[in-house]
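Just so it is clear, none of the values below were taken in a lab; they were calculated from the coordinates. Note that this is a predicted model, so its numbers are computed, not measured. Backbone-built Cβ (ideal geometry, glycine too); neighbour counts: all protein chains shown.
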Amino acid sequence: MRVGDLWAEFVEGNPAARRHLAGARIPEVWAQLTGPVVAARTTDLRLERGVLYVHINSSVVRNEIFMRREELKDAINDALGVRTVNVVIVK
């Protein structure tokens, strides 16, 4: 058996590891979902216990993301293939 196969089997059988690995992809997924303008205004993305904290340095963009936070939460989870984000808090 190859190491890659063992790793895939471990991740599939361990939901916490799967969520943790998916969480590491959030910056990449965020940039894809929001586009270059919002991604450029995003100064920090931090996932803690299912809460995604999003720091944005533009009040206009921050308001837009605040209004779309539920939609973005669902889109992020769909893109990751696992429910990783429960709440999005925009700052």
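Work out from phi, with θ = phi - 60° and the Karplus expression 6.51 cos²θ - 1.76 cosθ + 1.60, the ³J(HN,Hα) of each residue of region 54-68, listed in order in whole Hz, and give x for Gly and Pro.
Taking θ as phi minus 60°, the curve returns 10, 9, 10, 8, 10, 5, 5, 5, 4, 5, 4, 5, 4, 5, 9 Hz for region 54-68.
Short version: ³J(HN,Hα) in whole Hz for each residue of region 26-40, in order, from phi by Karplus 6.51 cos²θ - 1.76 cosθ + 1.60 (θ = phi - 60°), x for Gly and Pro, what are they?
4, x, 5, 5, 4, 4, 5, 6, 9, x, x, 5, 5, 4, 5
In the neighborhood of Phe66, defined by Cβ-to-Cβ distances under 15 Å, what is the net charge if each Lys or Arg adds +1 and each Asp or Glu adds -1?
Surrounding charge for Phe66 is +3.
Hey, can you grab everything whose amide H is under 5 Å from the amide H of Ile56? Only 5+ residues off in sequence or another chain; H modelled, so Pro and N-termini drop out.
When sequence neighbours closer than 5 places are left aside, the close amide H contacts are Thr43, Lys91.
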